[in-house]
1. At 7 Å along the Cα-to-beta-carbon direction for both residue 24 and residue 12, put a label point, then send me their distance in nm to one decimal.
2. Highest mean first, how do 39-51, 59-71 rank when packing is the count of other Cβ atoms within 10 Å averaged over residues?
């Protein structure tokens, strides 16, 4: 009985080896038949897609920054104020954070209005104090 099992297993192994070799030959023929020009086009399309993803990522970062500024303005209620802050505060949230700190707002409120993290605001204030920009 064990001899019969060995013969069956050997035959099965031989059959599977033939199937595997046939599949490898089929894959080899398919790869050989690929048109190099077509694969080059695919690579070019992938590179263009990667470039577009980078552009999209930059645009998304800019839009996120603008949304934070708008949220800060809406939270501050400055959209209807006649006393608009200077242009530097609109272009640089760090300057806006310093201006708000000078006006007496606490760090949590400044964070909500500028979209900056509270720790970042603390560092900005600390650096400004060391440069004697604020007291």
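1. 2.2
2. Values: 39-51: 10.1, 59-71: 11.8.
Ranking, from highest mean packing down: 59-71, 39-51.
No value in this document is a laboratory result; all are computed from the given coordinates. Keep in mind it's a predicted model, so treat the numbers as computed, not measured. Cβ coordinates were reconstructed from backbone atoms using ideal geometry, including for glycine residues, and neighbour counts include every protein chain displayed.
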